[in-house]
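Right, one structure below, let's go through it.
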Amino acid sequence: MEFRPDGTWVDWAIGRGDAPEARPAGRWDPTGRITRDPGGEQGSGQIVTAEPDRLEIRWQD
């Protein structure tokens, strides 16, 4: 996952030849709330823990 300064986030998935492929995923805000774009899986989440080597998100439908 990549959280961009413009309030969007991108899901980096494994693409062809095992190369990372960016897939626009949704929006985030500074409170830790995350929403998914309506074109993908719907739902929202809340960041629970953010550490340099670990990101924990509680997803809700």
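The values are calculated or read from the model by the stated rules, or taken from the named source; none is laboratory data. Note that this is a predicted model, so its numbers are computed, not measured. Virtual Cβ from ideal backbone geometry, glycine too; neighbours counted across all protein chains shown. We work out accessible area using only protein heavy atoms, side chains counted, and drop any ligands, DNA or RNA first. Shrake-Rupley method; radii C 1.70, N 1.55, O 1.52, S 1.80 Å.
Worth a mention:
- In segment 2-25, the residues that are on the phi > 0 side of the Ramachandran plot and touching an Asp or Glu at 6+ places or on another chain (Cβ under 8 Å): GLY7
- When restricted to residues that are open to solvent by 60 Å² or more (accessible area, probe 1.4 Å), assigned to a strand (DSSP E or B) and under 28 Å from THR31 (Cα atoms), segment 1-19 contains 4.
- Condition met for ALA25 (loosely packed, with under 11 Cβ neighbours inside 10 Å, in contact with a strand residue (DSSP E or B) (Cβ under 7 Å, 6 or more places away or on another chain) and in a strand (DSSP E or B)): no
- Test set (1) part of a strand (DSSP E or B); (2) exposed (fewer than 14 other Cβ atoms within 10 Å of the Cβ) - GLY45 fails condition number: (2)
- In segment 7-27, the residues that are over 15 Å from SER44 (Cβ atoms) form Cβ pairs under 9 Å with partners that are surrounded by 13 or more Cβ atoms within 10 Å (Cβ to Cβ) and of a type in the set (Ser, Thr, Tyr), at six or more places apart or across chains, as follows: PRO24/THR8.
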